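Scroll down for the structure; my scribbles are underneath it.
Rule-based calculations on the coordinates, nothing more; no lab input. Quick caveat: nothing in here was measured; it's all calculated off a predicted structure. Note that we place each Cβ from the backbone using ideal geometry, even for glycine, and neighbour counts take in every protein chain shown.
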Amino acid sequence: MPPAIVAGRSPGLIHTLAVLRRMVRNPMDAWPPGVYTDDLVRTRLLGHVTLFVCAPDLVQQVLVDDAESFIKAEPMRRALEPALGQGILTAEGARWRAQRRVAAPVFRPASVNGFLPAMIAAARTMRDEWSKLTPGADIDAAHDMMRLTFDIIVETMLSGRGRIDVGRVEHSMRDFLESTGWLAALSAVHAPTWTPFPGKWRAARGHTYLRTMVAERIAERRRTGERRDDLLSLMLDATDPETGRGLDDVDVADNLLTFIAAGHETTALALAWTFYLLGRHPDIEQRVLDEIASVTGGAPLEAAHIGSLAYTRQVIFESMRVYPPVALIVRQPTRTLEVGGVTITPDDNVFIPIYAIHHHRKLWQEPDRFDPERFAPDAVRARHRYAYLPFAAGPRICIGMGFAMLEAAAILGTLLPAFRLAAAPDFVPTPKLRVTMRPAEGMPMRIERRT
Ligand code: HEM
């Protein structure tokens, strides 16, 4: 498989405007070529220094060992806070720590396993919808996976969807997420918060609706004392093991919206890219099908089967190496410090270019080849822990990674044995970085029923 992203020429040689144009079109195009070969790359644009950190031991310093000396960068916070408030994804310091402690047990395997039946039920609904399509029909796998993971997060979070206008929640979240690119770009050039941009009003209407809807659900549960097996009840009941305190209603609302925003598109993209890669690699696809068949005995997939799908998990991990749904993490130092011999200050940005690290010439053999054997247990043990970062690392590692892996396996295990999906032979998707890394053209695929 050819490298999907061609690194840009050295930014020093290119006029700043040209770099900025690339950054708006697809920020990954503007990354310096050294990110695929070097440990560290320092660039300067509009007077701001950006340090790209690629070597796993330096990644470990930034995300793990010196994590206390970094915060999430301002543009990301400014883009997300209007809708997500100060939830786990956006908060810093003591406020983040307390919320993370309260939410951690909610995402332990014992709780998350309880969501598997809902995940499988939603995947079966999509299987039934796909069954009604004419054989050979074209679908956009990225769009369908987005709908499916959205249904799953809404159902697992606020079960009893009869009382929720799921379509309106979906629109509102989409309008808000679409505004985040503009908000982040405007913040990066220090534009004032009132600066107008296309879709600003729609986004504001979207997050007002989302916050009202979530506040109503919370108030209703508090009023009735009703308990359900969903994330909302778990979050209302959860307490901080250190202080015994729970979350107030604003914290619960911020985090529910955070889980919707952070939890559906990422998993949907992991699945869309996986379907694409499996369609291109029939031998690997056959191994996945054989594993599913041997675990289920040919019966429909059930929750108890998921733990045995070891090769399927390897495939999902390798797909997130080739196409990481979160391709970049940005941090800002809170003090002057040294990373790999380079001094950085609170005015500088530190980029962890996950996509480039996953395709780094020094870290992976034939980095652009899709090969799930890289995630066989011995191969994983032989590698630096921080050469692979789909869920980031350190204290701010993705809290939903167990949830996402179960969900991805449940969806693949339900849909793959029923349908074969293949992209047109000449179709090469372009990974495009927005907040997540999406296929720029969607994921058009032809669907056939397996006999
Ligand atoms: C394949 C799917 C997913 C991927 C690739 C992914 C990736 C990531 C990454 C890279 C981060 C770190 C961001 C940073 O530090 O700047 C993160 C954080 C986070 N993710 Fe995920 N995620 C996925 C699914 C989920 C799900 C399903 C949920 C919730 C249901 C979730 C909730 C969160 C939250 C709350 C954070 C913030 C954690 C903190 O700052 O303490 N994610 N995710």
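Which translational diffusion coefficient, to the nearest whole µm²/s, is obtained for segment 212-314 from the Stokes-Einstein equation, given a Kirkwood hydrodynamic radius over C-alpha pairs, 25 °C and 0.890 mPa s?
Estimated via Stokes-Einstein, D reaches 143 µm²/s.
If you wrap segment 88-128's Cα atoms in a convex hull and average its projection over all directions, what's the area in nm²?
3.7
How high is the relative contact order of the chain, in percent, with contacts defined as C-alpha pairs under 8 Å that are six or more residues apart?
27
Let me know the charge dipole size of the chain about its Cα centre in debye, to the nearest 20, where only the beta-carbon of Lys, Arg (+1) and Asp, Glu (-1) is charged.
620
Kindly identify segment 401-451 as rounded, prolate or oblate by the Cα gyration tensor criterion: order the square roots of the eigenvalues as a ≥ b ≥ c, call it rounded if a/c is under 1.5, otherwise compare a/b with b/c, prolate if a/b is larger, else oblate.
Taking the square roots of the gyration eigenvalues as a ≥ b ≥ c, segment 401-451 is oblate.
Dividing the alpha-carbon Rg of segment 26-143 by 2.2 N^0.38 Å yields what?
That ratio works out to 1.57.
Using the Kirkwood radius built from alpha carbon pairs, what does the Stokes-Einstein equation give as D for the chain at 10 °C and 1.306 mPa s, in µm² per second?
So the translational diffusion coefficient is about 69 µm²/s.
Determine, for 53, 330, the number of other Cβ atoms within 10 Å of each Cβ, and report the residues in order from fewest to most.
With the sparsest Cβ surroundings first, the list reads 330, 53.
Using the Kirkwood radius built from alpha carbon pairs, what does the Stokes-Einstein equation give as D for segment 181-271 at 10 °C and 1.306 mPa s, in µm² per second?
Estimated diffusion coefficient is 101 µm²/s.
Using alpha carbons only, what's the Rg to Rh ratio of segment 73-191 with Rh from Kirkwood?
Value, to two decimals: 1.05.
What helices does the chain hold that run 20 Å or longer along their axis, going by alpha-carbon atoms, with a Kyte-Doolittle average of 0.0 or more, using DSSP H for the helix calls?
Within the chain the helices that satisfy the rule are 141-157, 166-188, 249-280, 401-415.
What's the exposure ranking of 275, 70, 391, going from fewest to most Cβ atoms within 10 Å?
Result, fewest neighbours first: 391, 70, 275.
Give me the percent relative contact order of segment 208-341, please, defined on Cα pairs under 8 angstrom at least 6 residues apart.
20
Cα centroids of segment 244-284 and segment 206-226: how far apart, whole angstrom?
Here the answer is 22 Å between Cα centres.
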